[in-house]
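Written out below as C-alpha cells is the structure these notes cover.
The values are calculated or read from the model by the stated rules, or taken from the named source; none is laboratory data. Please read these numbers as outputs of a predicted model, since none were measured by experiment. Using ideal geometry, Cβ is built from the backbone for each residue, glycine included, and neighbour counts are taken over all protein chains shown. The area values use the complete protein model at the heavy-atom level, side chains included, leaving out ligands, DNA and RNA. Shrake-Rupley method; radii C 1.70, N 1.55, O 1.52, S 1.80 Å.
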Amino acid sequence: MSDHEQQQSAPSRGKVLEALTRAERKVFTRPAPKSANTQVKFLLTRLKESARSLAERVGTSTRTIERYRAGKLKKPQKRLQAALMEATESEWQPQVRARAREQASTSSGMMVEVTAYFGFTCSGSSDDGRIRTITTPLSPTYVKQILKMQEAGATEEELHPIVAAAITESYFTEWGTRADGLRADFTHVQSIDFRF
C-alpha cells in the first residue's frame, strides 16, 4: 500500500477526540522534543521498538528512520514531521497525563467550550434547536465515562451522546434543579475544547 493510500484509508479522528487529545497535551510540564533527530531517538527508546516498526508507524522507510537517528537527516517533509510530532506527543509524559485524567475523573472534572447545533427533547415546551456556544463544567462522573470510552477506542459518534448528557446536566438542567426530563443532543460540531 502506498503512502497516499494509507493516508486516504486512515479515518479522521473527529473534533471531540481531537479536543480530548489537545486537553491532555496542555498539561505537559515540559515541552516535547521538537527536532526530528530527538523525536526519533525518544520514540525508539520509549517504545523499545525497532526502526522498522517506528517507520511503519510514521509512514516512512526504515532507512530514513536510521538516518534521522544517526543525525544524517535533519529536516523532514511536512507529512513526516507531523507524524513524528504526533507519535512523540502521544508518548510524552505519560505520568503527567495519567495524573490529570485521574484528578478530572475523581474530583475536579473538566471544562468544555463547544459551538454546535443543540436540539432538545423534553416533556413540555423548550427552545427550538439552534447553533449555540456553551462553556460549562463537566462533572467528574461524566468525565470518567468520557475518558474510559476514549481509552476503549470509542468513535466520535459514540462519544457525542455522553458529552451531550454531561452538557445537559451542567448547563441546561443546572445539575437537576430545573428543566426536569430535558435531553439535549448536539450535532454539527463547529468547535470544541476541553480543559483539565
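Among the residues examined, Val143 qualifies as without any contact (Cβ under 8 Å) to a residue 40 or more places away in the chain, within 18 Å of Thr173 (Cα to Cα), open to solvent by less than 40 Å² (accessible area, probe 1.4 Å) and among the aliphatic types (A, V, I, L, M). Residues that are open to solvent by less than 20 Å² (accessible area, probe 1.4 Å), at pLDDT 95 or above and more than 25 Å from Val189 (Cα to Cα) are absent from segment 102-115. Look through segment 17-57, keep the residues that are over 22 Å from the mean Cα position of the chain (by Cα) and of a type in the set (Ser, Thr, Tyr), and return whichever of them is most open to solvent (accessible area, probe 1.4 Å). It comes out as Thr45. Of the conditions (1) within 19 Å of Ile192 (Cβ to Cβ); (2) among the aliphatic types (A, V, I, L, M); (3) buried (at least 16 other Cβ atoms within 10 Å of the Cβ); (4) in contact (Cβ under 8 Å) with a residue 40 or more places away in the chain, Ile131 fails just one. Which one is it? Among (1) within 19 Å of Ile192 (Cβ to Cβ); (2) among the aliphatic types (A, V, I, L, M); (3) buried (at least 16 other Cβ atoms within 10 Å of the Cβ); (4) in contact (Cβ under 8 Å) with a residue 40 or more places away in the chain, the lone unmet condition for Ile131 is (3). If you check Asp185, Asp128 for being among the charged types (D, E, K, R) and in contact with a helix residue (DSSP H, G or I) (Cβ under 9 Å, 6 or more places away or on another chain), only one passes: Asp185. Within segment 62-77, residues that are farther than 18 Å from Pro33 by Cα and open to solvent by less than 90 Å² (accessible area, probe 1.4 Å) reach partners that are part of a helix (DSSP H, G or I) and not aliphatic (A, V, I, L, M) with beta carbons closer than 8 Å, at six or more positions or on different chains, in the pairs Thr62/Arg52.
For segment 84-92, the condition holds for at least one residue, the condition being that it is out of contact with any helix residue (DSSP H, G or I) (no Cβ under 7 Å at 6 or more places or on another chain), among the polar types (S, T, N, Q) and closer than 25 Å to Ala166 by Cβ. Within segment 177-195, not a single residue is crowded, with 19+ Cβ neighbours inside 10 Å, part of a helix (DSSP H, G or I) and either touching a His at 6+ places or on another chain (Cβ under 9 Å) or not charged (D, E, K, R) (or both).
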